[in-house]
Amino acid sequence: MIDATLARLTASGRLGSVNGILLVFAGWELSARALSGAFLLASPTEVLAYLAQNPGLMGRALAATLAEAAAGFVIGNLAAMALALIVILTPRLERTIAALALLVFCLPLVATGPILRVLFGPGVGPQVTLAALAVYYTTFVPLLVGLRAAPATWFDVIRSYGRGRWTELVQVRAAAALPYLVAGLQIAAPAAILGAMVGEFTGAERGLGVLTIRAMRGLDVPGTWSLATLAAGVSVAAYAGVGWIGRQLSSGPPPVILAAPVSPGGAVGPRRVAGGFAHLALIAVLVLALWTGLMDLFGLNPFFAKRPDDVWRFLVTAPQAAEHRATLFWALAETMAVTLPGYFAGLALGALIAAAIVLVPPIAAVAMPVAVALRSVPIVTTAPLIILLLGRGALGTITLVAVMIFFPTFVACLHGLRQAPGQVIDVFDSYASSRLQRLMLAQVPAMLPAFFAAARMAVPAAILAATVVEWLATGIGVGSLMALSASLSDYGMLWSAVAVVSLTACTLYAGVARLERAVLAVYASEQFA
Amino acid sequence: MAAERHPAAPPEVTCRGLSRTFYGRGGAVEAVRPLDLTFAAGETTALVGPSGCGKSTLLRLIAGLEAPTTGRVEIGGETPLAVRRRAGLAVGFQDPSLLPWRTVRGNVALALRLARQPADEEAVARLIGLVGLDGFAGSRPAALSGGMRQRAAIARCLVTRPGLLLLDEPFGAVDELTRQRLAQDLPRLWEARGTTTLFVTHSVTEAVMIADRVLVFSPRPADVVEDVTVDLPRPRRADIALSDAFRALTERVSAALSAGFAAAERPLAAE
């Protein structure tokens, strides 16, 4: 019976996506007509008309953004592959590299953008760098999982022929990792467009991001909606395109990535805690050394390039340090006050709607393809729209953060709900148990690992979304503070904000990862073992 | 105490013109050819046949987990769905299919909950003891060996006191020694209750050791090539395998299996 349902689902999958997308457009058109005159919502027909009227302008901007995104995509993914290779060939460096990679991923793009702008000057440097920063982590994590995904017996086969790590890597790991790499690249494609656009927000000459800022400042509603639609459409197309190429390369089904990036194990108990602290100290020293070292290496101007001791002075020993701290931490508190509700709302809605929807398979068939498509929309680039619709208050930011978190969580949970082990669903069927019972007793617990993986990856995303909205629109919080500091050349504050925000994001990420490991140990013991 | 709750009388199972064809990308695959079969109430039947011959599909058809392409199944005059609704049957799958986040106790108790029967800690504990998992009631499946998981799954099947027991290679994925022990010990559990039992196995000795009747199937589509009555006395001890009667029966089953292969015209390529 489950088979029949699944068969129906797959058969109607294509039809479902068409239906779903038609539904989205119909709803959009209708609400636009209902709200006409409120200057908030441009209908699909208006968007099409706008695009048709400005083909040259839009085409040039799109070409510029795509070129930056493509360059960032290549650089970021090559970096991810290089990092993953280093980890696989020298397993002892894993925890250190994973921690550094996470820290760089947690850097607030809102602040790195202006810093890069000063570093690179005009041109595409910041956009390409931000695009690369936006993609490398989401490729690195699944790739690392994939490189380890090969069954142990495969390695025994290689060793039984007297071959070493390199053969292992080429013959076994690369093959096993391919579907994971494809999954990572697929998510990276729209992320690169997001990174490029955020880079353009920081003051580029051309690109979709530049036009978006201009349209928003000019209250150009059809323009804002057209740009967001174009960015969303291109992102969905990039996601689908990479997926298609991936399917030509590997036959395996797309894996669900559950495992935390750092493998568990090692010492347990107090020794492990002590080891953890020692490791944390090592990372801290390494980060400080890299921070200073890179600045010395490039001979950066100390007025602009603040070093760790400058940040320390700014926040702790300077005469106005207390004032600086108050400003920074108050702004951070403002940001958290909108980020956390949005984060939890997005997670809760994603999980609840996914769980509710599996009770009604026909709806799941329609919702799944739409959600997969919308997940690839760089939500942050639609920030201007949400501000147009919901205003500049807290509600707008909370909604944007929630929307940003919702789609990946929803998709991960829908996948997770299908992860019930072995023939467990058959066991439930053999007692003719109800759908609700099956959901509550088997599917929801089996979904938890996917849910927590999504929750972990959502932490930096939530902070990114909140700070971008603060920067572009609301004018409060640490996002606005960073933008303001950049424009006032208050680099002490800017670098301090970067340090504090990254540290906060990493701490929250690590907290969720810890919770995730505890959940995995019970709910996905087979993956954990 | 649970012993006071009398199990339903074991049902007779009949299949009339039962077949199943799967339609996939590669075209239609006939898994089970139209079959007419009757399984007597309280009897234990072993289904033997080559891998992928459709035995498991037949079991799933009888349980109603798979819809037949043609024909129907009756269990004591009822449809499989009606029987499942009142937890009149239990299925043991090849994969023990325990919930990894529940303990052995929790997994066994789950069946009572799904069967809408009152929680009965005592019955759960007794069955865990009967399958030899004393001291592991609080362990999660990840901490158990393959054989222990299989035994936990069998305890889960038995705890609801079903009249019909459908076991798909209940001792698969278990080492030979454990397998022999399970094959000797566990049938006593359902024999004592007079359950109608159908079980799929690859092992000819296991089939003859446990069953009252052995059905030998041809390669796909499943069709009965031999119907062997096992009239060995019960209870059967391990040394019965040394008797001439036992050997004659196993030889008969093995011969039927080989004949089925030959009929399917799928010889192994030479070298």
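The values are calculated or read from the model by the stated rules, or taken from the named source; none is laboratory data. Just so it is clear, the model here is predicted, and its values are computed rather than measured. Heads up, the Cβs are rebuilt from the backbone with ideal geometry, glycines too, and the neighbour counts pull from every protein chain shown. Ligands, DNA and RNA are stripped out before the accessible areas are found, and what is left, the full protein with its side chains, is counted by its heavy atoms. Shrake-Rupley method; radii C 1.70, N 1.55, O 1.52, S 1.80 Å.
Of note:
- Test: residue in the stretch B:151-164 that is buried (at least 16 other Cβ atoms within 10 Å of the Cβ), of a type in the set (A, V, I, L, M, F, W, C) and over 27 Å from B:Cys15 (Cα atoms): yes
Per-residue answers, yes or no, for (1) modelled with pLDDT of 85 or more; (2) surrounded by 14 or more Cβ atoms within 10 Å (Cβ to Cβ); (3) over 30 Å from A:Val172 (Cβ atoms):
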position: A:Ser17; (1), (2), (3): no, yes, yes
position: A:Pro55; (1), (2), (3): no, no, yes
position: A:Ile75; (1), (2), (3): yes, yes, no
position: A:Met81; (1), (2), (3): yes, yes, no
position: A:Leu102; (1), (2), (3): yes, yes, no
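- A:Arg163 meets all of the listed conditions (1) open to solvent by 40 Å² or more (accessible area, probe 1.4 Å); (2) assigned to a helix (DSSP H, G or I); (3) farther than 30 Å from A:Ser487 by Cα but one, namely (2).
- Residue within the stretch B:190-203 that is modelled with pLDDT of 85 or more, closer than 27 Å to B:Gly52 by Cβ and among the small types (Gly, Ala, Ser) present: yes
- Filter pass, A:Val468 being within 14 Å of chain B (Cβ to nearest Cβ) and at negative phi: no
- Residue selected from the stretch B:96-122 under the condition outside any loop (DSSP other than H, G, I, E, B) and open to solvent by less than 10 Å² (accessible area, probe 1.4 Å), by the criterion nearest to the other protein chains (Cβ to nearest Cβ): B:Leu114
- In the stretch B:47-95, the residues that are within 15 Å of the chain's Cα centre (by Cα), part of a strand (DSSP E or B) and more than 8 Å from chain A (Cβ to nearest Cβ): B:Leu47, B:Val48, B:Gly92
- Condition check for A:Ala446: within 14 Å of chain B (Cβ to nearest Cβ), modelled with pLDDT under 90 and either touching a helix residue (DSSP H, G or I) at 6+ places or on another chain (Cβ under 8 Å) or open to solvent by 20 Å² or more (accessible area, probe 1.4 Å) (or both): yes
- Some residue of the stretch A:456-463 being β-branched (Val, Ile, Thr), in the same structural domain as A:Val338 (by TED's automatic domain parsing) and under 19 Å from A:Leu352 (Cβ atoms): no
- Residue in the stretch A:404-431 that is nearest to A:Ala232 (Cα to Cα), counting only those that are without any contact (Cβ under 8 Å) to a residue 60 or more places away in the chain and open to solvent by 10 Å² or more (accessible area, probe 1.4 Å): A:Phe407
- Residue ranges of helices (runs of 4 or more DSSP H) in the stretch B:142-250 with at least 3 members under 26 Å from A:Phe428 (Cα atoms) and not charged (D, E, K, R): B:146-158, B:176-193
- For A:Gly422, the stated conditions hold: it is within 14 Å of chain B (Cβ to nearest Cβ) and either at pLDDT below 70 or in contact with a strand residue (DSSP E or B) (Cβ under 6 Å, 6 or more places away or on another chain) (or both).
- Candidates B:Leu47, B:Leu59: the one that is open to solvent by less than 40 Å² (accessible area, probe 1.4 Å), closer than 16 Å to B:Phe171 by Cβ, touching a Lys or Arg at 6+ places or on another chain (Cβ under 6 Å) and at pLDDT 90 or above is B:Leu47.
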